[in-house]
1. Every residue in region 118-133 that is within 19 Å of T54 (Cβ to Cβ) and not hydrophobic (A, V, I, L, M, F, W, C), please.
2. Please go through region 122-143 and pick out each residue that is among the hydrophobic types (A, V, I, L, M, F, W, C), farther than 15 Å from G91 by Cα and either touching a strand residue (DSSP E or B) at 6+ places or on another chain (Cβ under 7 Å) or free of Cβ contacts under 8 Å to residues at least 12 places away in the same chain (or both).
3. Considering only region 147-158, I want to know if a residue exists there that is within 20 Å of the chain's Cα centre (by Cα) and not in a helix (DSSP H, G or I).
4. Within region 81-89, is even one residue part of a helix (DSSP H, G or I) and at pLDDT 90 or above?
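The values are calculated or read from the model by the stated rules, or taken from the named source; none is laboratory data. Treat the numbers as computed from the prediction; the structure is a model and nothing was measured. Cβ: placed from backbone, ideal geometry, glycine included. Neighbour counts: every protein chain shown.
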Amino acid sequence: MTHHIRSQVSLRSVGWRETVVLLGAACLVPVLVWRIPWNGSQPLSVYLLPAFWTTFVALYFYGVVPGLLVGLVAPGLSLLLDGLGAWKPAGALGLEIVFFALIAALMIARWPGFSFTAPLAFLAAKAAAIAVQFFVPAFGFSGKPFLHLAAATQNGLAGLVVLSAINAFLVALHPLTEEWEKE
């Protein structure tokens with residue numbers, strides 16, 4: 001299994017062009033979602049999960065380190081646009097993305113052709129992030145963890161569908177087979 005994880009990390013090197021495209025997409029996708037007219041009680045990104053879209057694409061093609069870097073653009077962008085008052089939500093999103101990247105990379109390495117890696121990794125990452133927030137006093141989390149997970153899952157259903165579609169599209173378009181490990 002360690003060999004699989006190692007090969008997933010070094011699946012394909014990321015050149016400067018790929019880096020620019022990935023980081024540009026990581027900035028552009030959430031901003032485009034934020035620009036969609038919306039009158040809901042929470043931001044549309046809570047429902048669509050755009051930060052996880054680009055993170056998963058980067059993970060799938062380039063491995064865990066580029067995926068993490070791409071994923072952490074969204075919380076950083078949120079801090080830049082919303083100011084210091086956004087530390088708490090940006091920190092929570094960053095924690096979720098770190099868990100998501102690690103879990104998804106392990107799942108991709110173990111089951112490269114599985115079409116539901118992204119949504120399952122999101123759910124596991126959300127549960128792990130809520131657990132950390134609950135048990136680490138620095139987060140000041142005062143809610144009920146299971147209710148929080150249930151609400152986040154319900155809110156993110158549309159985003160889970162999008163993540164599933166992206167995942168299935170990538171597996172169909174560019175399947176990672178045993179030959180992938182030899183690259």
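1. Scanning region 118-133 gives P119, K126.
2. Once the filter is applied, which keeps residues that are among the hydrophobic types (A, V, I, L, M, F, W, C), farther than 15 Å from G91 by Cα and either touching a strand residue (DSSP E or B) at 6+ places or on another chain (Cβ under 7 Å) or free of Cβ contacts under 8 Å to residues at least 12 places away in the same chain (or both), region 122-143 yields only F135.
3. yes
4. Checked region 81-89: no residue is part of a helix (DSSP H, G or I) and at pLDDT 90 or above.
Each row is one residue, and each column tells you yes or no for (1) under 17 Å from L68 (Cα atoms); (2) exposed (fewer than 15 other Cβ atoms within 10 Å of the Cβ); (3) at pLDDT 80 or above.
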{"site": "H4", "(1), (2), (3)": "no, no, no"}
{"site": "S10", "(1), (2), (3)": "yes, yes, no"}
{"site": "R17", "(1), (2), (3)": "no, yes, yes"}
{"site": "P30", "(1), (2), (3)": "yes, no, no"}
{"site": "G40", "(1), (2), (3)": "no, yes, yes"}
